[in-house]
Every structure is written in structure tokens, then in C-alpha cells.
């Protein structure tokens with residue numbers, strides 16, 4: 001996910017961090033003090049009209065609402081890929097996200 005943004009919502013406080021991926025598709029996030037869990041949201045879209053859908057989210061839905069910070073730090077986190085057969089191995093401190101660009105024929109309104 002190059003030059004895209006993902007939003008972290010931290011625990012029950014619903015504090016947010018918008019994290020931008022660089023040209024290599026990498027990003028770093030600082031975990032707020034006291035945060036033990038988070039959920040991930042696509043976007044906002046970079047540039048004009050940020051309310052539009054920024055990309056197709058290909059991450060397999062989770063049974064639990066939140067991802068534990070301790071799990072990511074200890075083992076890493078790789079959800080299932082619903083858009084294809086690619087997979088990845090989790091590494092401690094790493095989150096892998098799956099996404100596809102919006103097709104030109106598909107509306108990107110939320």
C-alpha cells in the first residue's frame with residue numbers, strides 16, 4: 001500500500017492515529033501510552049475528497065473487534081487475504097495489510 005493512509009483506533013477511548021505509508025509501502029506507528037488494543041480502518045483518502053473510499057480492503061474480517069498490541073509486539077499480525085492467494089509470515093512488531101487499488105469503474109463513495 002504505497003502512498004496510502006490507514007487509521008488506528010486505540011481501544012475503548014477511540015483515540016485515532018492516521019498513519020501514512022511511504023513509497024515502499026512501509027509505515028511506523030507510535031503506540032499511545034496505556035493503549036492495549038486497536039482496530040484498523042481504511043483511509044482517509046489522500047488528496048481531494050478524503051471521504052471517498054481510499055482502496056479496497058482485502059483483510060479477512062476478524063472475530064474480535066480489537067487487535068492486541070501485545071500480540072503484534074510478540075508475534076506480528078497478518079490477516080487472511082480475501083483478494084487473492086498471496087500470504088505473508090508474521091514477524092514480531094509487524095502488521096501486514098492487504099489492499100487493492102479502487103477499480104476505475106467502481107464508485108468510491110462511502
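By the count of neighbouring beta-carbon atoms within 10 Å, fewest first, 8, 66 end up ordered 66, 8.
Could you tell me the relative contact order of the chain? Use alpha-carbon pairs under 8 Å, at least six residues apart, and round to a whole percent. Answer for the chain is 24 percent. Computed from the Cβ-Cβ distance with R0 of 22 Å, the FRET efficiency linking residue 73 to residue 51 stands at 0.10. Estimated purely from DSSP H runs of n ≥ 4, each contributing -39500 (n - 2.57), the mean residue ellipticity at 222 nm for the chain is -1000 deg cm²/dmol once divided by its residues.
Sorting the segments 94-100, 23-29, 72-78 by their residues' average number of neighbouring beta-carbon atoms within 10 angstrom, most packed first, yields 94-100, 72-78, 23-29. Normalised by residue number, the volume inside the convex hull of the Cα atoms of the chain is 120 Å³ per residue. Neighbour counts of other Cβ atoms within 10 Å put 86, 48 in the fewest-to-most order 48, 86.
Any read-out appearing in this document is the output of simple, stated calculations on the displayed coordinates, not a laboratory observation. What you see is a predicted model; the values in this text were computed from it and never measured. When we count neighbours, we look across all protein chains shown, and the Cβ atoms used for this are built from the backbone with ideal geometry, even at glycine.
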